[in-house]
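What follows draws every value from the coordinates through simple rules; no lab data is involved. Keep in mind the model is a prediction, meaning the values are calculated, not measured. Backbone-built Cβ (ideal geometry, glycine too); neighbour counts: all protein chains shown.
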Ligand code: NAD
Ligand code: UDX
């Protein structure tokens, strides 16, 4: 069967895989190929054991794979065949040279652009799916259109707003799809082609069109605003602990104001994930490079409060356990940066596990999906950290439990059984405020929530 269009995605990660699976499932008339240089990752996408854990993903992939969805390592062939190329490669924070620790590392992006240039033999639409600094499309277009083959590339921005753990529902019914292009006739024609893809399942009023710079900047700004809410409530959580206010009650009360709204006001041990910190630091770098020092400082404070919140959590554990955790077993319940994912990138759990191990605690990590990644993250820690798939075994003989990820399974554990298997006095640090603290206190635990008075037996 002939397909109406040939779509390629370069980069089969947390964004490329699910996004393209959804496009293929909803658009059987388009051929969608996802390529990656990572052979193991592609093999996993072709198997029953997908490389990422995401609720509902298996079903969407199963619907389309082999029909109009293909995973491959043949990047060059893919480029030749494609009408539209989405680029969804990683854009981590730069670790070297100018802008190290802040700017986006665009080496993977640029390599991809050069590959496209080398192997394309006709006009193509190239779509930035990766999150990129504002005005990257301009640089990409310069690279791509500096060719002698008489080929035109139209570079568009179509940032992805999915959140991990809810990627499939986010992709099925996005709050909005944003497509930015140049306002030239060619740019607008290319934009229409991308609108046509999403219009197969997204209501037209939720598809926003803009100029390419607004689109690029909106992605960075959206993540900065979301993270800023978390840092705001986390800052308030510290004040709650001093004043006996309850941060959940405060969040509920302020979130009832329709101008504020209830979402992203859950106090926590800190935000993690591959996006927030990276994108804010990138925004900070861009602001500095335009001479906007005050704006840069404003956004940087969002990251600083987050780091402070993580270190505050370790300090609370240490101080409440009589200023020493040396030789004490501490079970970390959850290592993923949020529930319903196995992803641990920038997870607060990494910092906390390391902080406790430095204090010579015996750290035991458990998580329903993230143990393999946790092992990689802490590989240099040797036998100072242990990994245990069963939470009951992890808790056995522990002086303390710390909830670091809000997995449902941790709400439902038999805490009486756990308490009985622990050293006394037993401590519980709820870094996600998901448990019934009064009940745990009555069971005998000394309970330390975030942003609420501690419940102690001494
Ligand atoms: P990822 O690291 O999971 O995946 C990127 C993939 O690109 C890797 O598998 C890598 O091997 C591949 N790759 C790199 N260079 C390549 C090349 N030259 N040719 C072929 N493949 C190549 O990253 P991700 O989490 O999917 O993020 C991708 C982009 O999307 C980033 O810019 C990120 O900021 C953005 N984003 C991520 C999320 C998220 O929740 N993870 C959400 C929205 C936006
Ligand atoms: C985020 C954005 O939400 C998404 O739109 C963007 O495309 C990618 O970055 P993600 O990082 O996958 O998505 O998950 P998100 O749900 O935003 O959570 C990020 C972190 O903030 C997690 O560690 C989460 O636990 C934490 N968080 C979230 C809180 O601490 N409190 C909240 O109220 C919400």
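The distance separating the Cα centre of segment 383-430 from that of segment 1-62 comes to 37 Å. Here the ratio of the Cα radius of gyration of segment 220-301 to 2.2 N^0.38 Å is 1.22. Here the alpha carbons of segment 5-202 define both size measures, Rg and Dmax, at 16.1, 46 Å. Packing order of peptides 37-47, 427-437, highest average first: 427-437, 37-47 (average count of other Cβ atoms within 10 Å over each peptide's residues).
Each part reduced to its alpha carbon centroid, segment 172-219 and segment 324-367 end up 41 Å apart.
Mean separation of Cα pairs under 8 Å and 6 or more residues apart, divided by the residue count, gives segment 220-301 a relative contact order of 33 percent. Using a simple spin-label model with pseudo-atoms 7 Å out from Cα toward Cβ, residue 319 and residue 163 lie 3.0 nm apart. Rounded to the nearest 10 degrees, the angle from helix 212-243 to the longest Cα principal axis of the chain is 10 degrees.
Volume of the convex hull of segment 261-328 (Cα atoms only), normalised per residue: 141 Å³. Each Cα pair under 8 Å and six or more residues apart adds its separation to the average, and for the chain the resulting relative contact order is 11 percent. Semi-axes of the equivalent ellipsoid of segment 305-449 are 20, 17, 15 Å, computed as sqrt(5λ) over the eigenvalues of the C-alpha gyration tensor in descending order. Which of rounded, prolate, oblate describes segment 103-155, given a ≥ b ≥ c as roots of the alpha-carbon gyration tensor eigenvalues and a/c under 1.5 marking rounded, otherwise prolate only if a/b is larger than b/c? It is prolate, given that a/c is not under 1.5 and a/b is the larger ratio. Helical runs assigned H by DSSP (4 residues or longer) give the chain a calculated mean residue ellipticity at 222 nm of -13500 deg cm²/dmol, each run adding -39500 (n - 2.57) before division by the residue total. Here the chain is treated as a sphere whose radius is the Kirkwood value from Cα pairs; by Stokes-Einstein at 25 °C and 0.890 mPa s it diffuses with a coefficient of 104 µm²/s.
With a Förster radius of 51 Å applied to the beta-carbon distance between residue 188 and residue 49, the computed FRET efficiency rounds to 0.75. A quarter of the convex hull surface defined by the alpha-carbon atoms of segment 110-244 gives 10.8 nm² as the mean projection.
As a proxy for reagent exposure, ranking 450, 254 by other Cβ atoms within 10 Å from fewest up yields 254, 450. Gain on full extension, evaluated as 0.36 nm per residue between residue 6 and residue 442 minus their Cα-Cα distance, stands at 150.8 nm. DSSP beta bridges confined to the chain are antiparallel in about 5 percent of cases. If both residues of a DSSP beta bridge must be in segment 5-202, then about 10% of such bridges are antiparallel. Spin-label model, residue 257/residue 206: points 7 Å from Cα along the beta carbon direction are separated by 2.9 nm.
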